[in-house]
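Novice: Next up is a structure, given as structure tokens.
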Amino acid sequence: MKIEPLTGVIGARITGIDLQNVDESAAKELRENICRHQVVVIPDQSLSPKEQTEFSHQLGPYSPVPFVQPIPNHPEVIKIVKKASEVNAFNFGGVWHSDFSFLETPPAFTILHSIDVPVTGGDTVWTSNSAAYEALDSESKSKFESVTCIHSASASYSPKQQNLHSALTGMDIRTSTEAEKTQEHPLVCTHPETGIKSLFFNGTYVRGLRGPEISSSEDEEHLLLWLHNWTTHVRFTFRHRWANGDVVIWDNRSTQHVAINDYAGQRRELNRTTVAGEIPSLY
Ligand code: SIN
């Protein structure tokens, strides 16, 4: 396996590995590198949905996917697809988020395999929530340890968003009032494998904040906006331009990502699996 960092902060390209043939020691090395680099790009792969599911299991068990229906016969695979004709449709994953952070146990890793991607546009951008934590001054680090984030899927998957999702006719996304449920996680979380702290924050699913210094809705709104702007600052980011056959794997415990909707008139299709994580915690 050859590992080349792609920025000084986040992202690495890995070559010399065939994801159809990964043994236990390669899976361990890969996992360590995903945790360390937070996003890894593995080009020139060709995984069927069955092979992607099998590879996913080498990193850990399946992490359930709410709201988005899997593809037929492959219950762990979802297809992210926007057709060339869907010029005015929204882009799945088109706002900064960490996958399903509103669950009690959000997924550790997401594996995205490009099948048919635009010649130009349709990039994905990740930001390092651990670099964003590390760049804080010591007073903010300590203050943020007493903040709790209230996560919910309401802004994305409540029934009033159904029309938006239905515009993507190649996907079957079923909104539900279940999206209104809330789940609390600490703002500062320690990565269970690296021991590195992160701001476990994303502006899409974190709908509220609690903490000793948040005494009004103005304080809450102000800190929500501040955290969004801080964590998504360009200096913490890595942007990937997709080619067919890429497999990109990221660590949801220490990153956020956004898929850019700038490829009107071109098809974009990728298969996605998710790997189970743990309950996020400060210690
Ligand atoms: C996602 O949020 O999982 C989708 C990312 C992408 O399509 O690039």
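Novice: So what are the radius of gyration and Dmax for the Cα set of the chain, in Å?
Specialist: Considering the chain through its Cα atoms, Rg and Dmax are 18.2, 54 Å.
Novice: Moving on. State the dimensionless ratio Rg/Rh of region 123-255 (Rg: radius of gyration of Cα atoms; Rh: Kirkwood radius).
Specialist: Ratio of gyration radius to Kirkwood radius: 1.00.
Novice: Modelled label-to-label distance, VAL119 and GLN162, 7 Å Cα→beta-carbon offset: nm?
Specialist: With each label point 7 Å from Cα toward Cβ, the separation is 3.9 nm.
Novice: Out of GLU51, GLU269, GLU184, any idea which swings most in a Gaussian network model of the chain, alpha carbons joined below 10 Å?
Specialist: GLU51
Novice: Now a separate question. Return the sequence-ordered ³J(HN,Hα) values of region 209-225 in whole Hz as given by the Karplus equation 6.51 cos²θ - 1.76 cosθ + 1.60 applied to θ = phi - 60°, using x for Gly and Pro.
Specialist: 9, 10, x, x, 9, 10, 10, 8, 5, 5, 4, 5, 4, 5, 5, 4, 5
Novice: Can you return the aspartates and glutamates within cross-link range of LYS50? Criterion is Cα-Cα under 16 Å, with same-chain partners fewer than 8 residues away left out.
Specialist: ASP18, GLU76
Novice: Compute the FRET efficiency between HIS228 and ASP23 as 1/(1 + (r/R0)^6), taking r as their Cβ-Cβ distance and R0 = 41 Å, and round to the nearest 0.05.
Specialist: It comes out at approximately 0.50.
Novice: Taking a cut-off of 15 Å between Cα atoms, list the aspartates and glutamates near LYS160, but don't count ones fewer than 8 places away on the same chain.
Specialist: Filter leaves GLU178, GLU180.
Novice: Once the piece of chain linking THR194 and LEU282 is laid out straight, how much longer is it, given 0.36 nm per residue of separation minus the C-alpha distance between them?
Specialist: Result for the pair: 30.4 nm of gain on full extension.
Novice: Beyond 26 Å, what percent of the Cα pairs of region 1-114 remain?
Specialist: 25
Novice: Now, a different point. In whole Hz, with x marking every Gly and Pro, tabulate ³J(HN,Hα) for region 133-140 from phi via Karplus 6.51 cos²θ - 1.76 cosθ + 1.60, θ = phi - 60°.
Specialist: Once rounded to whole Hz, the list reads 5, 4, 7, 6, 6, 5, 5, 5.
Novice: Figure the gain on full extension for GLU54 and VAL87 (residue separation times 0.36 nm, minus the Cα-Cα span) and round it to one decimal in nm.
Specialist: Contour length minus Cα-Cα distance gives 8.5 nm.
Novice: Taking a cut-off of 28 Å between Cα atoms, list the lysines near LYS141, but don't count ones fewer than 8 places away on the same chain.
Specialist: Qualifying lysines at Cα under 28 Å: LYS197.
Novice: Between GLU104 and ARG36, what FRET efficiency comes out of the Förster formula 1/(1 + (r/R0)^6) with R0 = 25 Å and r the beta carbon distance, rounded to 0.05?
Specialist: 0.45
Novice: Explain nothing, just the number: relative contact order of the chain, from Cα pairs under 8 Å at least 6 residues apart, as a whole percent.
Specialist: Relative contact order of the chain: 36 percent.
Read the figures in this text as sums done on the coordinates, not as results from a lab. Being a predicted model, the structure only gives us computed values, none of them experimental. We place every Cβ from the backbone using ideal geometry, glycine too, and count neighbours over all the protein chains shown.
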